[in-house]
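Have a look at the structure below before the remarks.
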2 protein chains.
Amino acid sequence: MTTEETSALFKALGDQTRLRILALLSLREHCNCELVSIFGISQPAVSRHIARLKESRLIHERRQGQWVYYSLNRALWEQLPSFPHMVEDLVAHDPLVRHAKTTVAQCSLPGE
Amino acid sequence: MTTEETSALFKALGDQTRLRILALLSLREHCNCELVSIFGISQPAVSRHIARLKESRLIHERRQGQWVYYSLNRALWEQLPSFPHMVEDLVAHDPLVRHAKTTVAQCSLPGE
DNA sequence: CGGGCACATAAGGATATAATTATAAACAGA
DNA sequence: TCTGTTTATAATTATATCCTTATGTGCCCG
């Protein structure tokens, strides 16, 4: 994952309603209207949260008749790297971090 | 972690500059002015990012004379639960999720 | 003391986010 | 086709975020 993809993932997770949606979808699939009645927010609001989670590929959707059932993308969810591993990835691949690693910072250093 | 604390943690991580700061601090401690020269943004901007990371207890600071050296809170960082574990925690402890789990969601309510 | 350096905080502005209402699109069934 | 239901998108508004410049605070040293 690039730094941009990583921050986008965390942004998608940085909302209480979206976290609760993921928790509910980890138990079973739900349609949009069920989530509306659970959270007490408008249908478009739920739809927007779902869209953000789909952009990060965190959930799948299954159309059945006029309903759309959402479910957790378990393959992706369970394979997300641990926090320490994510930072290791940044150190290894982020150009700015790699560059800073091998460069002397430009502020006046104590003891020099 | 409560749902609010979890979303606050993810919000703190949902920024490329803050992710890079964490990556740099995982290698060694840095002072504010070093980060300014690395990122090419203003000193107050760095200070605000640092403040946000401190609010989530992700970094420590060590004062030495007029400098403040920041470092990764490794004890916290390495003990952060995995993504699947976080969702399990939400399912177990979030009141709204727990309630929804034992309630039949209704879509179109008749008579309204 | 007082000046200079490092960091924190405040104020202001541009952009992003998340909610709402209104509307469009897709589908089922009479 | 017409009607009702479900979901997606558009427009709007309020709030949050992130940057800048300006200013305040704390420490070192002359």
Checklist entry - Measuring label to label, 7 Å along Cα→Cβ, what does B:G40 give against each other copy in nm, shortest first? => result 4.9
Checklist outcome for this item: Which of A:H93, A:H30, A:H49 fluctuates most in a GNM of chain A (C-alpha springs under 10 Å)? That residue is A:H93
Checklist entry - Mind listing the phi-derived Karplus ³J(HN,Hα) values for region A:20-25, rounded to whole Hz, using 6.51, -1.76 and 1.60 with θ = phi - 60°, and x for any glycine or proline? => result 5, 4, 4, 4, 5, 6
Next on the checklist: Given Cβ point charges of +1 (Lys, Arg) and -1 (Asp, Glu) and nothing else, what value in debye, to the nearest 20, does the dipole of chain B about its Cα centre take?
Outcome noted: 440
Item to check | Label spacing, shortest first and in nm, from A:W67 to its equivalents in the remaining copies (7 angstrom along Cα→Cβ) | outcome: 6.2
Checklist entry - Measuring from centroid to centroid over Cα atoms, what is the spacing of region B:45-112 and region A:1-25 in Å? => result 11
Item to check | Under-5 Å amide H pairs with A:C31, H placed in peptide plane, nonlocal only | outcome: A:Y70
Checklist outcome for this item: Once normalised by the length of region B:32-112, the mean sequence separation of its alpha carbon contacts under 8 Å that are 6 or more apart gives a contact order in percent of 16
Checklist entry - Could you give me the ³J(HN,Hα) list for region A:26-41, computed from phi with Karplus coefficients 6.51, -1.76, 1.60 and θ = phi - 60°, whole Hz, x at Gly and Pro? => result 6, 8, 6, 6, 9, 9, 3, 5, 5, 5, 4, 6, 6, 8, x, 10
Checklist outcome for this item: Highest GNM mean-square fluctuation among A:I41, A:I50, A:I59, for chain A with Cα springs under 10 Å, belongs to A:I41
Item to check | Full-extension gain in nm, B:E61 to B:A45, via 0.36 nm per residue minus C-alpha separation | outcome: 4.0 nm
Checklist entry - Counting each DSSP H run of 4 or more residues in the protein assembly as shown as -39500 (n - 2.57), what helix-only mean residue ellipticity at 222 nm follows after dividing by all residues, to the nearest 500 deg cm²/dmol? => result -17500 deg cm²/dmol
Next on the checklist: Could you tell me which residue out of A:F10, A:G65, A:L53 lies farthest along the dipole of region A:3-97 toward its positive end? Charges go on the beta carbon: Lys and Arg +1, Asp and Glu -1, centred on the Cα centre.
Outcome noted: A:G65
Checklist entry - Can you pull the percent of Cα pairs in chain A with separation above 19 Å? => result 55
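No lab work stands behind these numbers, since they all come straight from the coordinates. Just so you know, these numbers come straight off a predicted model, no measurement behind them. So basically every Cβ, Gly included, is an ideal-geometry build from the backbone, and we count neighbours across all protein chains shown.
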